[in-house]
Amino acid sequence: MNTDNLIGVAYLIATLLFIIGLKRFNSPATARSGNFLSSAGMFIAIIATLYDQKIINYQTIAIGIVIGSVIGALMSRTIRMTAMPQLVAIFNGLGGGASSIVAASEFTRLYTKSSIEPAVSFSIMFGTLIGLVTLSGSVVAFLKLQGILRGQPITFPLQKSVSTVLFIVILAAIVYLIQSSFMPLYLALVIACLLLGLLLVIPIGGADMPVVISLLNSYSGIAAAAAGFILGNVMLIVAGALVGAAGIILTQIMIKAMNRSLANVMFGAFGASDQSITADISSNSKPIRQTTAQDAAVMLAYARSAIFVPGYGLAVSQAQHQLKELGTLMDQRGVSVKYAIHPVAGRMPGHMNVLLAEAEVSYDKLFDLEQINDEFSNTDVVLVIGANDVVNPDARDNSTSPLYGMPILEVDLAQQVLVLKRSLNPGFAGIDNELFYKSNTSMLFGDAKASLGTLIEEIKQA
Amino acid sequence: MIENTLLTQIFIFVLAASAGFELITKVPPTLHTPLMSSANAVSGITLLGAILVAGQLGGITATILGLFAVILSTINVVGGFMVTDRMLGMFRKDRRKQE
């Protein structure tokens, strides 16, 4: 067998490993081995590629791989679990960036030759576009998640028109570049694509980040597939397509969980500070019931059943370990404790599950929306920790609410609801929450971590 | 028999995407974050493209671009798989129930 065939066989084995690896993600018990199989597939694919006859310069490759491995290993070891959305955003961006560089360097290599195949030329332009949009979009998402840019939607007049015009200009430039390679125009295209990614993500609010990250994940896969079409490399096409599909499915799940359309998430600037709503809250005189840690502890300690509902606030105050301690303590007193996780709680799909896994909460105590919604009416106490929009009864009852139609965790049906919250400020979407004014709701204000700590002490004494 | 290479490639893309849709639909929500970061590491497959670009002799610009692409995608691959492994190592069932 010649080298090309051997590489082909290696790619086939790698493809199978990727598919089996993804399949093993259908259960938490097998997922870790699935991830290992995928990484083995990647290793085989890399080694096989090094045997490609076109490769002469091994030095550059070796330097790049060593530097990249050290940085990657350090990042993955030192990152805090609460910062996982930022890390995934950055990794998405790096993948997209690398794919666009592959496209760009193929362009610089080929453009002097009079005829690039139209299909290759199109793939180069498409790879450049999607790779760079992924890169700059992910950087903006990272800056928002890290709190360097503010999480609320950032908008300016004519934003949508500017983005639309830019997109049309980009398409025109691509059409021109496919017919005749012209370096200055290509460089202009690069800048325009980076700008487009920035414009697309900057108006999207923090609460919509699960959708954005899923979408960028998909883009990074499609960019890799585009690089595959450029180089005629089947392995890139297959793996890119798998990731692209994964990202699209996750995007769909997130959008469904918010009862929104993709267009609404992308261009709706959801949660942009609406003056009328903000004013309404500040002049609000509806009564709320504030409670003390002591009373709240009694409520929790003597309940028969309790459901914990964590939200982004749990991640912000890094209170997952305290929550687990409270759960264990109540469990020991004979209280049945479950956790209810909304699909869009937090800043990325499954964000809460990872935090609770870190705190060693058994995953069979975590329940989805559909699994647990019927149980709230038979539950003594619901403890809401830093969740807001996903428990807002207006989404079910008030057809004028911007949240109307979004599936929520129906915590207000429980006997008692205890809400841990920093202050009465509205959630990311800037929408007032009817839950806080219900007669069976008590509010305990303060940092979630501190409040949980006090509750734990009180229950120990109860 | 399909002779056209481009068409074959599109065939492969469509089939792989379909397989992806089927596989991912069955992933439980609790694994969405590790799934995403593992899939993310797989999208670092573009490292193969980066290797091909960096390994060819094509002037200083191409070499620098290639080196850059290799570094970025290696971070993506190594960091992605390692952090996923770290996350999945934390997922566990209640021991009492297993016994």
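In table form, for the structure just shown:
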| read-out | value |
| --- | --- |
| Complete set of residues in the stretch B:2-47 that are of a type in the set (Val, Ile, Thr), assigned to a loop (DSSP other than H, G, I, E, B) and under 30 Å from residue A:354 (Cα atoms) | B:27, B:45 |
| Condition met for residue A:186 (in a helix (DSSP H, G or I) and farther than 25 Å from residue A:92 by Cα) | no |
| Some residue of the stretch A:144-167 being small (Gly, Ala, Ser), within 30 Å of residue A:8 (Cα to Cα) and in contact with a helix residue (DSSP H, G or I) (Cβ under 8 Å, 6 or more places away or on another chain) | no |
| Matching entry among B:65, B:23, B:57, B:15 (being more than 19 Å from the chain's Cα centre (by Cα) and either more than 7 Å from chain A (Cβ to nearest Cβ) or surrounded by 19 or more Cβ atoms within 10 Å (Cβ to Cβ) (or both)) | B:65 |
| Criterion violated by residue B:10 - all others in (1) in contact with a helix residue (DSSP H, G or I) (Cβ under 8 Å, 6 or more places away or on another chain); (2) among the hydrophobic types (A, V, I, L, M, F, W, C); (3) more than 7 Å from chain A (Cβ to nearest Cβ) satisfied | (1) |
| Unmet criterion (only one of (1) under 30 Å from residue A:152 (Cα atoms); (2) open to solvent by 10 Å² or more (accessible area, probe 1.4 Å)) for residue A:294 | (1) |
| Residue in the stretch B:30-53 that is farthest from the other protein chains (Cβ to nearest Cβ), counting only those that are more than 27 Å from residue A:65 (Cα to Cα) and out of contact with any strand residue (DSSP E or B) (no Cβ under 9 Å at 6 or more places or on another chain) | B:31 |
| Residue count, the stretch A:37-56 (criterion: facing chain B (nearest Cβ under 7 Å) and part of a helix (DSSP H, G or I)) | 7 |
| From the options A:121, A:76, A:105, residue that is surrounded by fewer than 24 Cβ atoms within 10 Å (Cβ to Cβ), of a type in the set (Ser, Thr, Tyr) and within 17 Å of residue A:231 (Cα to Cα) | A:121 |
| Test: residue in the stretch A:384-404 that is in contact (Cβ under 8 Å) with a residue 12 or more places away in the chain, facing chain B (nearest Cβ under 10 Å) and open to solvent by 20 Å² or more (accessible area, probe 1.4 Å) | no |
| Criterion violated by residue A:127 - all others in (1) farther than 14 Å from residue B:49 by Cβ; (2) part of a helix (DSSP H, G or I) satisfied | (1) |
| Selected residue (criterion: nearest to residue A:146 (Cα to Cα)) from residues of the stretch A:184-201 that are within 25 Å of the chain's Cα centre (by Cα) and open to solvent by 30 Å² or more (accessible area, probe 1.4 Å) | A:198 |
| Filter result (at the interface with another protein chain (Cβ under 9 Å from one of its Cβ atoms) and buried (at least 24 other Cβ atoms within 10 Å of the Cβ)) within the stretch A:334-345 | A:341 |
| Test for residue B:74: is it within 7 Å of chain A (Cβ to nearest Cβ) and either over 20 Å from residue A:101 (Cα atoms) or open to solvent by 60 Å² or more (accessible area, probe 1.4 Å) (or both) | no |
| Of all residues making up the stretch A:151-160, the number that are within 17 Å of the chain's Cα centre (by Cα) and open to solvent by 50 Å² or more (accessible area, probe 1.4 Å) | 1 |
| Check on residue A:215, in a helix (DSSP H, G or I), closer than 30 Å to residue A:388 by Cβ, away from chain B (no Cβ under 14 Å) and under 20 Å from the mean Cα position of the chain (by Cα) | no |
| Test: residue in the stretch A:420-436 that is touching a Lys or Arg at 6+ places or on another chain (Cβ under 6 Å) and either under 17 Å from residue A:299 (Cβ atoms) or of a type outside the set (Gly, Ala, Ser) (or both) | no |
| Selection count where residues are part of a helix (DSSP H, G or I) and either at the interface with chain B (Cβ under 7 Å from one of its Cβ atoms) or open to solvent by 10 Å² or more (accessible area, probe 1.4 Å) (or both), scope the stretch A:79-102 | 16 |
| From the options A:325, A:360, residue that is charged (D, E, K, R) and part of a helix (DSSP H, G or I) | A:325 |
| The stretch A:1-27: number of residues that are surrounded by fewer than 19 Cβ atoms within 10 Å (Cβ to Cβ), more than 9 Å from chain B (Cβ to nearest Cβ) and either among the small types (Gly, Ala, Ser) or not in a helix (DSSP H, G or I) (or both) | 3 |
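The values are calculated or read from the model by the stated rules, or taken from the named source; none is laboratory data. It should be emphasised that the depicted structure is a prediction, and the values quoted were computed from it without experimental measurement. So basically every Cβ, Gly included, is an ideal-geometry build from the backbone, and we count neighbours across all protein chains shown. The accessibility values were calculated without ligands, DNA or RNA, using every heavy atom of the protein model including side chains. Shrake-Rupley method; radii C 1.70, N 1.55, O 1.52, S 1.80 Å.
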